[in-house]
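Following: one structure in structure tokens, then a few remarks.
The values are calculated or read from the model by the stated rules, or taken from the named source; none is laboratory data. The shown structure was predicted, so the numbers you read here are calculated from the model rather than taken from an experiment. Glycine also receives a Cβ, built like all others from the backbone with ideal geometry; neighbour counts cover every protein chain displayed. When the accessible area is computed, the model is the full protein with side chains, heavy atoms only, and any ligands, DNA or RNA have been set aside. Shrake-Rupley method; radii C 1.70, N 1.55, O 1.52, S 1.80 Å.
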Amino acid sequence: MSTGSRIERKKYHKPKKQKRQSKSKRPRRWIKNTIITMILLFFLVIISGAALFGYYASNSPEITEADLIGQVSSKIYDRDGELIKELGGQNRDLMAPEEIPTVLEDAVLAIEDARFYQHNGVDPIRIVGSLVANLRAGEILQGGSTITQQLVKLSVFSTDFQDQTLERKAQEAWLALQIEQDLTKDEILTLYLNKMFYSNNTYGAKTAADHFFGKNITDINLAEAALLAGIPQAPSDYDPYSNPEDAKERRDLVLSVMLDRDMITEQAYNEAVNTSIESMLQPLDAGTVQDIDFVMDSYLDVVANEVQENFNLNIYTDGVEVYTNVDLDAQEHLYDTVNNNPSIGFTDDNMQTASSIVDVSTGQLVAVIGGRQQDAIMGLNRANTLNRSVASTMKPLSAYGPAFEYLNFSTGTLVVDEPFEYSNGDEIYNYDFEYEGDQTIREALAGSRNIPALKVLQKVGLDNSYAFLQKMDIQILNNNERELVEANAIGGEMTPIQLSGAYATIANYGQYTKPYSVSRVVTTAGSEFETEVVSREAMKPSTAYMLVDVLKDVPGNFASLSDIEGLHHAGKTGTTNYTEDQLQQLGIDSSTYAAPDGWYAGMTPQYAIASWVGYDDPYQPGNYLTLSDTAIPQAIYSEMMTYLMQDVPITDWQKPDSVVEVEIEKYTDPVKLPGPYTPTNMKSQELFVEGTQPSDQSEEFGQFVEAPTSFNASYDQANQQIVANWSGNLPENATYVLTLDGQMIYQGTDTAFAIAAPQIGSYVLRLSIVSGNSSSDTLVIELTLSQQTPTEETSESEETSAESTDESTEDESEPVENGETPTDPTNPDNGTETPPTDPNQPTPPPGGDTGQQPPANAG
């Protein structure tokens, strides 16, 4: 019975056992298997990783004491592949471990490696912390490398991001572990501080303390130590001489971290952060700097920024080979031109300049200068940082270029120079407070009239103009927004490098290439990177050619110092003005010519040059440009373009098929062909986009008017007057019109007129007959009064150009546009005077809508 009971119980319990197996044991087996598999995979990854690490480590380069002590040099080559200079710590003053002050050690460890004394060269905790921080931020904010790893990287590896492969990181970690076995922590920290780059060609903390503060490293204070600890992360950005505000922000961050880690007291923190950067520094000693350092300083700054931006490499610490586009001969000549050539016209050593030269066909930066009479290298590079209005050099870019591009304007399109206002009601003036009346686009742009430029921009539209500028990477800011205001018709902020790139675009038939200084870079790992050249069509060839054709009228006519005989070239001047309030604050009389900035941008088919001159602070007493000062950029252009073109075949721009040249009658709207009686001076050759040229003939001048038959002038010395007399066949209702130096002084039927002439000098008389809307050709007499004054002058022949009754005569003496003088402004005997200023006339405003903070009014 008992047996049967056992059997019964067995049968009874069997189903329950089967049930427990299906619902409980089977899942447990899966979990168990999964865990086992994961453990096996984990160990497999560990073993594989260890094997891979061992493989990489076995192929690590040797790191010697010389590597750890020495500085990896970068080599800079010119465009011909010739070595220009090496960047490295050859002049370092090496520090011994016992010389490291505690305050510097604390500052460096606080910001770079807080667990330096706890790890063995690699810090897993730091790596994980950096990984978490970067994941949270969604970008790489911090690295996990220890000071030992950074020392290895600076000694034998490249810091290029693309070289940071798994193999490199493994070898870096392995070598760091090895170094920790061979050297003490103090020795490692000393080697690290001796290898750091601190800007201004200064390597090593001890050298930096001497150069920057004039102190031995053992004597530096907390503020100085924090500055030295912060600079190496980005030496150019935190250069205390050129970027004191950024340097202070970085220094104060170091101090804040030290305070958080209880390394310093709050009182010490407050005292240090309230110490200005400027008060800590001494002037840099230029005695140890070679001449080539000053010559190449600005260009090298452009190179450093470009290499960092394009390849994430530092030319001062990464030991790279950089093949640049610099023409070293041109760079040296540009340096000498602005520093050592007295004929250029700089009046004092505080007057500054910046200039950029671009190869038109390639976009390569040929030469760059960012200042003059500098006493320290790595100084302010105005060529790529200047934030000043380019004044009237903006007009082809913001107004006339877009008008040719989008509205099919011709160079003969009519625009009226007359009293005018911005859309908000603010007045705009021309540089001379005068109005020329009817103008062709050619005359208005070459003569740099402000009011026509504004009218053209209004027709183009701000959006179209901005789109046109963007194609040349020109981003104009107004009210901290990327937008244009109407005042950008006559000005806008950009750097000399940007401006030279824009004019190179015009010279290259509208093909824009972003100016660049670096051709290729080779890292210590052997990786080679070439610059990806940015190039695009920024404007149609027709637009570019029409701009060039108009701007050819500027050199020699409106910019005398830029003229180069026998050369096909074009250009544009620009000059900013002070407001009336600024003139009063500076104590400048309204009759005195004064300007903050002078510009000239010029071009040949081969090169484009943009130059600026002015003072860094033009709002300090005495820091203003005179009329002759504003012409200095023209002199720089003439000197450099003459030098560059001396061995280059002289060529001219070729008119594209999309442009046609047509003779028109000026000031017709729409533009018309000349009629049979159109006077010669009312005709001009103008350019049109193919298909838009006129076909209708003008009927404005309906009859032929015969010129006067004679025209004489004599000087009555007793009465100090010129007596003019003439004869002619005067038609019914016709009159004689007599002008003096472009101003009408008589209109009537008399045949004689007396003109007061109390001063010696030249007097230009013009005589024509006017009948209705028609005019005869003009007779001209130029009478020169001196101590031996001629008694009589007779017109020899008819002038080839005639004059209209409703227009002022075409003045042979060119207007003076803020330095754009028709004669040499540096010659005191040339007769050129500053444009007269009526004390009752307002000084030109900043050029536009003052509520929109526009650029200064440009000339």
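Can you tell me which residue is farthest from P496 (Cα to Cα) among those in region 522-540 that are within 24 Å of the chain's Cα centre (by Cα) and of a type outside the set (D, E)? Break it down into steps so the answer makes sense when it comes.
We begin by selecting, within region 522-540, every residue within 24 Å of the chain's Cα centre (by Cα); these are 530-540.
Filter once more, keeping what is of a type outside the set (D, E): 531, 533-536, 538-540.
On the way: T531: 22, V533: 20, V534: 19, S535: 19, R536: 20, A538: 19, M539: 20, K540: 24 Å.
Result: K540.
Quick check on E224: is it buried (at least 24 other Cβ atoms within 10 Å of the Cβ) and assigned to a helix (DSSP H, G or I)? Steps first, answer last, please.
Numbers: buried (at least 24 other Cβ atoms within 10 Å of the Cβ): yes; assigned to a helix (DSSP H, G or I): yes.
Answer is yes for this residue.
So in region 353-375, with the set limited to residues that are open to solvent by 20 Å² or more (accessible area, probe 1.4 Å) and not acidic (D, E), which one is nearest to I497 (Cα to Cα)? Outline the logic, then answer.
So in region 353-375, the residues open to solvent by 20 Å² or more (accessible area, probe 1.4 Å) come out as 359, 361-362, 364, 373-375.
Cutting the leftovers down to not acidic (D, E) gives us 361-362, 364, 373-374.
Numbers: S361: 16, T362: 14, Q364: 11, Q373: 20, Q374: 20 Å.
Per the stated criteria, the residue is Q364.
Tally time: how many residues in region 334-352 are in contact (Cβ under 8 Å) with a residue 60 or more places away in the chain and either open to solvent by 50 Å² or more (accessible area, probe 1.4 Å) or hydroxyl-bearing (S, T, Y) (or both)? Explain how you work it out, then say what you get.
Residues of region 334-352 in contact (Cβ under 8 Å) with a residue 60 or more places away in the chain: 334, 337-338, 341, 343-347, 350-352.
Now drop any that are not either open to solvent by 50 Å² or more (accessible area, probe 1.4 Å) or hydroxyl-bearing (S, T, Y) (or both), which leaves 337, 343, 347, 350.
Total meeting the criteria: 4.
Can you give me the number of residues within region 435-455 that are farther than 19 Å from N681 by Cα and among the acidic types (D, E)?
0
Suppose the filter is out of contact with any Lys or Arg (no Cβ under 9 Å at 6 or more places or on another chain) and either of a type outside the set (V, I, T) or in a helix (DSSP H, G or I) (or both); does S392 pass it?
Numbers: out of contact with any Lys or Arg (no Cβ under 9 Å at 6 or more places or on another chain): no; either of a type outside the set (V, I, T) or in a helix (DSSP H, G or I) (or both): yes.
When the stated conditions are applied, S392 does not pass them.
Among the residues of region 407-435, which ones are in contact with an Asp or Glu (Cβ under 6 Å, 6 or more places away or on another chain), part of a loop (DSSP other than H, G, I, E, B), surrounded by 19 or more Cβ atoms within 10 Å (Cβ to Cβ) and at pLDDT 95 or above?
Residues satisfying the conditions are S410, T411, G412, Y422.
Does region 458-469 contain at least one residue that is closer than 22 Å to T543 by Cβ and touching a Lys or Arg at 6+ places or on another chain (Cβ under 7 Å)? Break it down stepwise before answering.
First, the residues of region 458-469 that are closer than 22 Å to T543 by Cβ: 458-469.
Next cut, touching a Lys or Arg at 6+ places or on another chain (Cβ under 7 Å) only: none.
There is no residue in region 458-469 that is closer than 22 Å to T543 by Cβ and touching a Lys or Arg at 6+ places or on another chain (Cβ under 7 Å).
Residue check, V320 against (1) more than 23 Å from A209 (Cα to Cα); (2) modelled with pLDDT of 95 or more; (3) over 24 Å from the mean Cα position of the chain (by Cα), all met but one. Which one?
Of everything listed in (1) more than 23 Å from A209 (Cα to Cα); (2) modelled with pLDDT of 95 or more; (3) over 24 Å from the mean Cα position of the chain (by Cα), V320 misses just condition (2).
Select the helices (runs of 4 or more DSSP H) contained entirely in region 437-513, then report the ones holding at least 3 residues which are open to solvent by 10 Å² or more (accessible area, probe 1.4 Å).
Numbers: elements: 441-446, 450-460, 462-470, 496-507.
Correct list: 450-460, 462-470.
Evaluate region 12-28: report whether one residue or more is modelled with pLDDT of 55 or more, open to solvent by less than 80 Å² (accessible area, probe 1.4 Å) and not basic (K, R). So that I can check it myself, show each step before the final result.
First, pick out the residues of region 12-28 that are modelled with pLDDT of 55 or more: 26-28.
Remaining after also requiring open to solvent by less than 80 Å² (accessible area, probe 1.4 Å): 27.
Cutting the leftovers down to not basic (K, R) gives us 27.
Looking for residues that are modelled with pLDDT of 55 or more, open to solvent by less than 80 Å² (accessible area, probe 1.4 Å) and not basic (K, R), one finds at least one in region 12-28, hence yes.
Those residues that are at pLDDT below 85 and either on the phi > 0 side of the Ramachandran plot or open to solvent by 10 Å² or more (accessible area, probe 1.4 Å) (or both), I need them from region 762-774; list them, please.
The initial filter retains those residues of region 762-774 that are at pLDDT below 85, namely 772-774.
Within region 762-774, G772, N773 meet the criteria.
Keeping to region 750-779, report how many residues are among the aliphatic types (A, V, I, L, M) and within 22 Å of F701 (Cα to Cα). Show your work before the answer.
Start the filter on region 750-779 by keeping residues that are among the aliphatic types (A, V, I, L, M), which leaves 752, 754-757, 760, 764-765, 767, 769-770, 779.
Next cut, within 22 Å of F701 (Cα to Cα) only: 767, 769-770, 779.
Count: 4.
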